[in-house]
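> Can you keep this structure in mind? I'll have questions shortly.
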Amino acid sequence: MFFELKRGDLGNTSAMYARTFFEELDIDSVTVAPYMGEDSVTPFLSYEGKWVILLALTSNKGSHDFQLTTDTEGERLFEKVLRKSQQWADDQQMMYVVGATQGRAFEDIRKIVPHHFLLVPGIGAQGGSLEEVCKYGMNSQCGLIVNSSRGIIYADKTERFAEAARQAAQEVQQQMAEQLKKL
């Protein structure tokens, strides 16, 4: 069973959160917002066999508010996050959230983090294309953990929910299998 939890806080309390999540609750990974800096992220990186999932570029339209803004040299904020965080951990400890709705941005992301896993929400109900995500985001090992939540859990609002959800999940699985054949 794989457990994941989201958390982000000040550096002086991150160590306690990390201990609680990874030791007490035995969580496998924690999604952390990087915007409070290295000291709020690195306490989570001291646990062997546990993962930090760093927010890089989300699926929601609000990603345009900050993540896609550019500095005077044309570097987007999410690119700065990817580059800076490479100093904190390697691809054996850290992966990144990259929303499926970001399309060709996966190509730019793979130039910065070619070997890291990408946790990819936003397939289905949010409008992300699995084919586009795979085309631009898959690496030689696949490197993607694709998530489709709303497309499955809201597949049907009747007593046929379980069958509809099963069917929706199988469709995503079949689509991913087709993409994996291209590796």
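> Hey, rough spin-label estimate for Arg83 and Ile153, points 7 angstrom out along Cα→Cβ, what's it come to in nanometres?
Between Arg83 and Ile153, the label points sit 3.7 nm apart.
> Quick check on the chain: of the DSSP beta bridges with both residues there, what percent are antiparallel, nearest 5%? Each step should come with its number before you reach the end.
Numbers: 2 of 20 bridges.
Taking every DSSP beta bridge with both residues in the chain, the antiparallel ones total about 10 percent.
> The list (i) -0.48, -0.85; (ii) -0.27, -0.71; (iii) -0.25, -0.64 gives values of log10 I(q)/I(0) by the Debye sum over Cα atoms at q = 0.08, 0.13 Å⁻¹, and only one came from this structure; which label was calculated from it?
So the calculated entry is the one marked (ii).
> Using mean Cβ contacts within 10 Å as the protection proxy, how do 91-103, 142-154, 171-183 order, highest first?
Numbers: 91-103: 21.5, 142-154: 18.1, 171-183: 12.8.
Listed from highest to lowest mean packing, they are 91-103, 142-154, 171-183.
> Continuing with this model, one more query. Order by neighbour count: Phe66, Phe117, fewest other Cβ atoms within 10 Å first, most last. Write down the numbers at each step before the final one.
Values: Phe66 12, Phe117 19.
The most exposed by this proxy come first: Phe66, Phe117.
> Starting from the amide H of Val97, placed 1.01 Å from N in the peptide plane, find each other amide H under 5 Å away whose residue is 5 or more places distant or on another chain.
Leu54, Leu55, Ala56, Leu57, Leu119
> Moving to a separate point now. Lys and Arg at +1, Asp and Glu at -1: add these up for the other residues within a Cβ distance under 15 Å of Trp88 and post the number. Display every interim value, and only then the final one.
On the way: positive: Lys50, Lys80, Arg83, Lys84; negative: Glu38, Asp39, Asp90, Asp91.
Around Trp88, the surrounding residues sum to 0.
> What order, most packed first, do the peptides 158-167, 40-49 have when packing is the mean number of other Cβ atoms within 10 Å of each residue? Intermediate values should be presented prior to the final figure.
Working: 158-167: 11.6, 40-49: 17.5.
Those peptides, ordered most packed to least, come out 40-49, 158-167.
> Say each of Met16 and Tyr35 gets a label point 7 Å from the Cα, pointing the same way as Cα to Cβ; how far apart are those two points in nm?
Going from the Met16 label point to the Tyr35 one covers 2.4 nm.
> Between Gln173 and Arg160, what is the spin-label point distance in nm, taking each point 7 Å from the Cα along the Cα→C-beta axis?
So the two model labels end up 2.0 nm from each other.
> As an exercise, use a Förster radius of 22 Å and the Cβ-Cβ distance of Glu48 and Leu180 to find the FRET efficiency, rounded to the nearest 0.05. Write down the numbers at each step before the final one.
Numbers: r = 29 Å, r/R0 = 1.31.
Here the calculated transfer efficiency is 0.15.
Where a number appears in this text, it was derived from the coordinates with a stated rule and is not lab data. Being a predicted model, the structure only gives us computed values, none of them experimental. All Cβ positions, even for glycine, are placed from backbone atoms using ideal geometry, and neighbour counts span all protein chains on display.
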